[in-house]
Amino acid sequence: MSPAVMQTVTLIPGDGIGPEISSAVMKIFEAAKAPIRWEERNVTAIKGPGGRWMIPPDAKESMDRSKIGLKGPLKTPIAAGHPSMNLLLRKTFDLYANVRPCVSIEGYKTPYTDVNLVTIRENTEGEYSGIEHVIVDGVVQSIKLITEDASRRIAEYAFEYARNNQRTSVTAVHKANIMRMSDGLFLRKCREVAENYKDIKFTEMYLDTVCLNMVQDPTQFDVLVMPNLYGDILSDLCAGLIGGLGVTPSGNIGANGVAIFESVHGTAPDIAGLDMANPTALLLSAVMMLRHMGLHDYGNKIQTACFDTIRDKKVLTKDLGGNSKCSEFTAEICRRIQDMA
Amino acid sequence: MATRGHLGNLFCSSSAWEILNCILFWLHNQTKSPTPPPAKYGGRHTVTLIPGDGIGPELLNHVREVFRFSCVPVDFEVVNVNSALETDDDMNNAITAIRRNGIALKGNIETKHTMAPSVKSRNNLLRTSLDLYANVMHCQSLPGVQTRHKNIDIMIIRENTEGEYSSLEHESVSGVVESLKIITRNNSLRIADYAFKLAREKGRRRVTAVHKANIMKLGDGLFLQCCREVASGYPDITFDSMIVDNTTMQLVSKPHQFDVMVMPNLYGNVVSNVCAGLVGGPGLVPGANYGNAYAVFETATRNTGKSIAGKNIANPTAMLLASCMMLDHLKLYDHATMIRHAVLKTMNETRVSLPSLKGLSPHLPLCHEAHWSLF
């Protein structure tokens with residue numbers, strides 16, 4: 001393999017098990033000799049000059065420069081003073097699309113086999129607008145915002161993704177029978193964009209029907225595009241089909257070419273620092289990142305090594321059903337990669 | 001019947017008539033003598049029947065047949081609702097009929113979202129006008145149905161009147177639409193109280209509140225707080241909470257951890273459909289909507305099933321079990337048990353092509369003669 005140009009990637013290790021799985025990924029990339037230079041940054045929220053919460057300026061500057069980021073899990077407290085860290089990152093970089101490919105992992109058995117679908121979730125508006133008011137004491141109103149621009153943008157991304165990744169159909173998921181205007185607008189935009197992509201089949205399905213059919217036969221779905229809340233629920237549902245958040249990759253695509261790939265599991269504070277964590281999710285997200293950057297060879301090599309290790313079942317972390325440490329699992333993958341070269 | 005597994009879907013590989021015949025066969029086996037018992041004077045109930053669209057009419061016809069055969073003392077007052085019309089007159093008639101009779105059995109009314117946004121979902125209108133605040137779905141694995149997970153037994157209680165289904169939307173600026181999700185303390189307390197009362201009544205051990213309070217801090221935060229308040233009055237029942245996305249993930253991997261679940265409207269929609277899928281499909285699970293004064297029974301997943309309507313393949317199980325729930329509500333327990341038993345017996349049979357019933361399927365009156373004469 002001819003030496004490629006070193007590319008910088010902003011690495012955000014995160015909290016809890018974040019640092020250990022990040023270092024596992026770095027070790028594996030080193031073993032694969034991937035041309036990636038890591039720039040580690042911390043994104044704990046700080047209060048800016050105007051009193052608004054923001055991410056530290058050095059983290060922002062690094063991301064703006066490198067355009068690509070890899071992120072570990074961040075803490076999201078319930079009913080705390082500052083907004084969710086993940087939400088803050090999304091707003092800062094306008095990460096409008098959350099992409100989660102869910103493919104059944106051979107060797108990690110679940111009741112569902114042959115899952116191969118992608119959920120594309122609008123990530124900036126919808127039910128997560130964060131706009132809530134107490135109207136009178138005991139009555140709360142949460143506002144779900146759907147805009148034409150955001151809906152069109154996510155629909156365009158979904159069809160582009162389908163085309164670039166040889167997927168055959170895109171399904172818009174909605175509840176336009178109940179939320180006539182908001183989901184109706186979303187649906188209309190999807191239909192308009194579908195007109196420009198006649199090579200891709202476009203269908204529409206109610207959220208409840210999708211849920212119903214997904215747990216009975218997930219093979220009927222290909223690419224799913226939807227607003228924020230439905231995307232949140234469905235992407236986690238699909239992650240559950242293939243084995244949980246510990247093995248599910250995720251990528252966030254933003255405006256201006258920025259993309260942040262992340263593991264979507266929690267910080268697992270109970271096992272942090274004990275060398276028990278499973279780095280698969282972060283690793284597969286890093287593979288997604290390599291593919292996004294055009295480094296398919298490295299991505300395939302690392303993914304094959306990872307899947308082979310899991311299929312072999314000899315060295316597995318506790319959550320995958322084994323007894324090995326995180327470092328042992330990482331070392332096994334590194335060994336396979338070196339054997340491949 | 002081709003395979004057991006297929007019975008779980010909304011449509012089945014045998015014709016619905018064949019299944020109906022089996023149910024009637026088992027019903028007949030349960031009655032001691034061929035002579036129907038005399039109906040009590042003044043002991044008959046009147047129930048509003050709303051056929052709805054799609055498979056609704058045919059499913060409700062099956063219910064009427066079974067009731068007639070079992071001599072259930074229920075008369076149906078049929079009210080048709082034309083979903084193609086933009087006016088609300090049909091719905092007002094239906095609502096008045098339900099107020100009059102107190103109980104209804106209904107099929108799903110289609111919401112054509114090609115119509116103007118001012119024409120709201122008729123089903124939703126019915127639920128809010130009659131204040132049917134609790135949607136109850138008992139998700140149980142049924143014998144004879146092939147599913148990936150076995151022995152599921154989850155009760156889902158869903159707030160039925162507010163939340164995301166408030167139908168309050170406006171376009172404040174061109175291209176920007178706002179939809180309001182309303183959560184109130186009163187309704188949250190009410191549904192939580194209903195959930196805990198039902199859990200205690202049925203001897204259930206745990207209630208889980210499903211929410212997204214980490215993101216919707218005020219709205220779902222209020223819901224969660226109300227659940228906690230009510231929980232403190234039921235120390236014999238364990239209370240915990242789970243975020244909705246994690247809930248769906250847990251449901252598809254470890255569904256047995258759930259006992260009773262309570263949640264706002266939209267999450268209820270998602271969770272009940274996931275659970276219906278887990279136990280075998282929309283054709284199997286009955287649902288009930290309860291208010292303080294009225295009760296309406298239907299299939300749990302409220303499908304119109306347009307694509308399979310009129311083909312004699314819609315699975316009658318869900319609607320029949322819903323009618324049994326209705327009979328329980330009317331305190332006609334014996335009839336309810338009898339019909340339920342017949343339905344479950346039919347499902348559990350490996351070969352339903354009994355010689356006596358073969359070839360008789362489309363001719364139900366002949367069927368009755370055959371039954372009386374054979375046994």
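The values are calculated or read from the model by the stated rules, or taken from the named source; none is laboratory data. Worth saying up front: this structure is predicted, and the values here are computed from it rather than measured. FYI the Cβ positions are ideal-geometry reconstructions off the backbone, even for glycines, and counts take in every protein chain you see.
Do any residues in the stretch B:203-222 that are within 8 Å of chain A (Cβ to nearest Cβ) have Cβ atoms under 7 Å from those of residues that are polar (S, T, N, Q) and surrounded by fewer than 20 Cβ atoms within 10 Å (Cβ to Cβ), where the two are at least six apart or on different chains, and which pairs are they?
From residues that are within 8 Å of chain A (Cβ to nearest Cβ), the pairs are B:214/A:76.
What single numbered condition from (1) assigned to a helix (DSSP H, G or I); (2) touching a Lys or Arg at 6+ places or on another chain (Cβ under 8 Å) fails to hold for residue B:248?
(2)
If you check B:236, B:153, B:245, B:193, which single one turns out to be out of contact with any strand residue (DSSP E or B) (no Cβ under 7 Å at 6 or more places or on another chain), under 24 Å from residue B:290 (Cα atoms) and of a type outside the set (A, V, I, L, M, F, W, C)?
Going through B:236, B:153, B:245, B:193 in turn, the sole match is B:193.
Taking the stretch A:206-221 as the search range and keeping residues that are among the polar types (S, T, N, Q) and facing chain B (nearest Cβ under 10 Å), which one is surrounded by the fewest Cβ atoms within 10 Å (Cβ to Cβ)?
Step by step, filter the stretch A:206-221, then rank; the result is A:209.
Residues in the stretch B:289-303: is at least one within 10 Å of chain A (Cβ to nearest Cβ) and more than 20 Å from residue B:131 (Cα to Cα)?
yes
Kindly state which strands (runs of 3 or more DSSP E) lie completely within the stretch A:82-183 and contain at least 2 residues that are within 14 Å of another protein chain (Cβ to nearest Cβ) and more than 30 Å from residue B:225 (Cβ to Cβ).
Hits in the stretch A:82-183: A:95-103, A:116-122, A:169-174.
Restricting the stretch B:158-179 to residues that are free of Cβ contacts under 8 Å to residues at least 40 places away in the same chain and crowded, with 19+ Cβ neighbours inside 10 Å, which is farthest from the other protein chains (Cβ to nearest Cβ)?
Among them, the one singled out is B:166.
Only one residue in B:150, B:120 is more than 22 Å from residue B:266 (Cα to Cα), modelled with pLDDT under 95 and of a type in the set (Lys, Arg), so which one is that?
Checking each option against the conditions leaves just B:150.
Quick check: is even one residue across the stretch A:277-284 in contact with a strand residue (DSSP E or B) (Cβ under 6 Å, 6 or more places away or on another chain), surrounded by 24 or more Cβ atoms within 10 Å (Cβ to Cβ) and more than 14 Å from every other protein chain (Cβ to nearest Cβ)?
yes
Within the stretch A:181-192, take every residue that is surrounded by fewer than 24 Cβ atoms within 10 Å (Cβ to Cβ) and either in contact with a His (Cβ under 8 Å, 6 or more places away or on another chain) or touching a residue at least 40 places away in the same chain (Cβ under 8 Å) (or both) and give me the one that is farthest from residue A:227 (Cα to Cα).
A:192
For residues that are more than 22 Å from residue B:206 (Cβ to Cβ) and not polar (S, T, N, Q), scanning just the stretch B:134-157, find the one that is surrounded by the fewest Cβ atoms within 10 Å (Cβ to Cβ).
B:143
Within the stretch B:182-202, how many residues are more than 10 Å from chain A (Cβ to nearest Cβ) and hydrophobic (A, V, I, L, M, F, W, C)?
So the answer is 6.
What helices (runs of 4 or more DSSP H), lying completely within the stretch B:262-356, carry at least 2 residues that are under 23 Å from residue A:211 (Cβ atoms)?
Passing ranges, in order: B:265-279, B:317-329.
Taking the stretch A:222-244, which residues are in contact with a His (Cβ under 9 Å, 6 or more places away or on another chain) and more than 7 Å from chain B (Cβ to nearest Cβ)?
Within the stretch A:222-244, A:226, A:227, A:230 qualify.
Within the stretch B:84-137, can you find the residues that are in a helix (DSSP H, G or I), farther than 20 Å from residue B:319 by Cα and within 14 Å of chain A (Cβ to nearest Cβ)?
B:125, B:128
Which of the residues belonging to the stretch B:138-157 are among the hydroxyl-bearing types (Ser, Thr, Tyr) and within 13 Å of another protein chain (Cβ to nearest Cβ)?
B:147
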